[in-house]
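What follows is a short report on a single structure.
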Amino acid sequence: VPADANITDAIDIFDRVNSQGTKLTDAELALTHVCGKWPEARQILKQKIRRLQKEDFSFDLTFMTRALTAVVTGRAAYSAIHDRPARELQDGWQRLSKHLDYLVGILPAEAYIHGTDDLTTPNVLVPLIRYLELRGGNFANDKELRRALHWLYAAQAWARYTAQTDQRLEHDVSIVNEEPSPWPSLCDRIIDQRGRIEVKPADLEGRWITHPLHKMAVVVAKAHGAVDWFNGAPLGAAFGESYSLHSHHIFPRNLLYSNGYDADNHLHRKIVNEIANRAFLTAESNLKLKDTPPADYLAEIEERYPGALASQFVPLNPELWKIENFRGFLAARRELIASSINEFMDGLVTEEEEVSERTADELRQLGESVKLEFKSTLRWDVARGQVNKSLQFAVLKTIAAFMNSSGGTLLIGVEDDGSVYGLQEDLKALKNSTDVFEQTLVNLIVEHIGAEFAALVEIRFEQVEDKTVCVVDVDPAGGPAYLHTPRGKELYVRFGNTSRSLDPQEAVSYVSTQWAS
């Protein structure tokens, strides 16, 4: 190294001389350049890594160096940071640290991503970090956030950065630099790569939990309010080793291998272990089930926690729970998983339709959105063919969520796909009277949400395809509307086309911002 060489020259010469040994990665070389000008950098980055690990977000120095490069240089290529002076690096780090804190706070609350275990790769955060760097450290509004999350989920589900990572990140970061709202263009790049964003049932066939669509299914299950089947704990708020999420075989492996499936047959193993045979439970519950046939436990779960099966995409036809119908179960569940993912994704980017003063028939054709939701019944359990009063909480949580958001409309008697089910079964149990139905619903709102909130609800009945449908228009509340459930008080809000419950910490934050004086 000549005496007149600067630190950048010295590092480059060092790397070339040692190139026949253990070659430095591009990230290691970039960090070496950073530390050459800012000696404390490595230790400071490690301190941040340790702190974020306590929030269940585990990053490494490679990711941190990539993120710092994006903030300081506006590029994803590691080499771009080699010649940046110490002051730029230090100032960039201060901003990056804040961006990371912001994401670690917003991802669990808004995206059902509770740690890096829910990410296919931390690299999906790099375009988000660059966006925050250019936009003052936050998202301009809820619409922009939902578009960003739509892209994030698509990038995860279709493995945007599992190959040609450097080139794709460099390209995507450049789009973020150039466009005020880059998310549609970024989604177009995924479509160019994969052909589509929509998930088809065939995409799940033979796929194991290592496939990105498994993580996407977990996210959507959390969004649908999925709970543990044996302790009722919301899967979106599972903490601690005993309550960490595990992937459970709905049809146990040993049961299948003793009923015609061969553990030594590769194709059989793919079928037995595919995503469509997996449910999401806490570790404690997963150990309890062992080899119990689904026909012996699924009905009991649905009775104990109504809606628990549907929120995890389990077909409600008991015939499909029998061992001889295992392949039919898989086919039905693939359909449910794919359609649920697509509806969830569409709900994030569908422009809000003005739903007021539309007929029930017009509303059902719009499809569910942030301001519109469908429920088949109030209390009638379609799967079991009888009244199930626990189902009324599904209606109440939607009403409460509309109150806590920007209002909306609920159709009772309309299925998720917009087809008309009607209120005939509910009405039979309520003296065949829409007046009694309305009074029952109002009483439920008074009892479980509060008398002061009943005035925010307007109820009417319409005939659609010769069936009665209930239209419930809900105005936003001037303060938090808590739903009193058997589990205690819960605060529900709208997220895309779903209603979700906030944990205590999220609820405090939401209330303080939504109704700030």
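The values are calculated or read from the model by the stated rules, or taken from the named source; none is laboratory data. Only a predicted model underlies this, so the values are computations on that prediction, with no experimental measurement involved. For neighbour counting, all protein chains shown are included, and Cβ atoms are generated from backbone atoms with ideal geometry for every residue, glycine included. These accessible areas exclude ligands, DNA and RNA; they are computed on the full protein's heavy atoms, side chains included. Shrake-Rupley method; radii C 1.70, N 1.55, O 1.52, S 1.80 Å.
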(request) Inspect region 412-422 for any residue being over 24 Å from Val314 (Cβ atoms), open to solvent by less than 30 Å² (accessible area, probe 1.4 Å) and not β-branched (Val, Ile, Thr) and give the result as yes or no. (result) yes
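Going residue by residue through region 122-142, is there one that turns out to be open to solvent by less than 20 Å² (accessible area, probe 1.4 Å), within 13 Å of the chain's Cα centre (by Cα) and among the small types (Gly, Ala, Ser)? Talk me through it step by step, then tell me what you get.
So the first thing to find is which residues in region 122-142 are open to solvent by less than 20 Å² (accessible area, probe 1.4 Å), and the list is 124-129, 131-132, 137.
Checking the rest, the ones that are also within 13 Å of the chain's Cα centre (by Cα) come to none.
The answer is no, given that none of the residues of region 122-142 is open to solvent by less than 20 Å² (accessible area, probe 1.4 Å), within 13 Å of the chain's Cα centre (by Cα) and among the small types (Gly, Ala, Ser).
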(request) Would you be able to say whether some residue in region 97-108 is surrounded by 16 or more Cβ atoms within 10 Å (Cβ to Cβ), in contact (Cβ under 8 Å) with a residue 12 or more places away in the chain and more than 26 Å from Ser174 (Cβ to Cβ)? (result) yes
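Residue-wise test of (1) over 22 Å from Ile106 (Cα atoms); (2) open to solvent by 40 Å² or more (accessible area, probe 1.4 Å).
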| position | (1), (2) |
| --- | --- |
| Ala454 | yes, no |
| Phe461 | yes, yes |
| Asp473 | yes, no |
| Pro476 | yes, yes |
| Pro486 | yes, yes |
| Lys489 | yes, yes |
| Val493 | no, no |
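Would you confirm, using the coordinates I've provided, whether Ala401 is open to solvent by less than 10 Å² (accessible area, probe 1.4 Å) and small (Gly, Ala, Ser)? Walk me through it before giving the result.
Working: open to solvent by less than 10 Å² (accessible area, probe 1.4 Å): yes; small (Gly, Ala, Ser): yes.
Yes.
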(message) So in region 185-200, with the set limited to residues that are under 19 Å from the mean Cα position of the chain (by Cα) and not aliphatic (A, V, I, L, M), which one is least open to solvent (accessible area, probe 1.4 Å)?
(response) Cys187
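Within region 332-348, is there a residue that is open to solvent by 10 Å² or more (accessible area, probe 1.4 Å), touching a strand residue (DSSP E or B) at 6+ places or on another chain (Cβ under 7 Å) and in contact (Cβ under 8 Å) with a residue 12 or more places away in the chain?
Taking region 332-348 as the starting set, the residues that turn out to be open to solvent by 10 Å² or more (accessible area, probe 1.4 Å) are 332, 334-336, 339-340, 342-343, 345-346.
Those left that are additionally touching a strand residue (DSSP E or B) at 6+ places or on another chain (Cβ under 7 Å): none.
Within region 332-348, not a single residue is open to solvent by 10 Å² or more (accessible area, probe 1.4 Å), touching a strand residue (DSSP E or B) at 6+ places or on another chain (Cβ under 7 Å) and in contact (Cβ under 8 Å) with a residue 12 or more places away in the chain.
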(message) Cβ-Cβ under 6 Å, sequence separation 6+ or interchain: first residue in region 472-489 and closer than 16 Å to Gln514 by Cβ, partner in a strand (DSSP E or B) and open to solvent by 70 Å² or more (accessible area, probe 1.4 Å). Which pairs?
(response) Tyr482/Lys489
(request) Please identify the pairs in which a residue from region 185-197 that is touching a residue at least 40 places away in the same chain (Cβ under 8 Å) has its Cβ atom under 6 Å from the Cβ atom of a residue that is of a type in the set (Asp, Glu), counting only partners at least 6 apart or on another chain. (result) Leu186/Asp172
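Here are Gly232, Gly225: which of them is within 23 Å of Pro294 (Cα to Cα), open to solvent by 20 Å² or more (accessible area, probe 1.4 Å) and part of a loop (DSSP other than H, G, I, E, B)?
Numbers: Gly232 fails: open to solvent by 20 Å² or more (accessible area, probe 1.4 Å).
Answer to the selection: Gly225.
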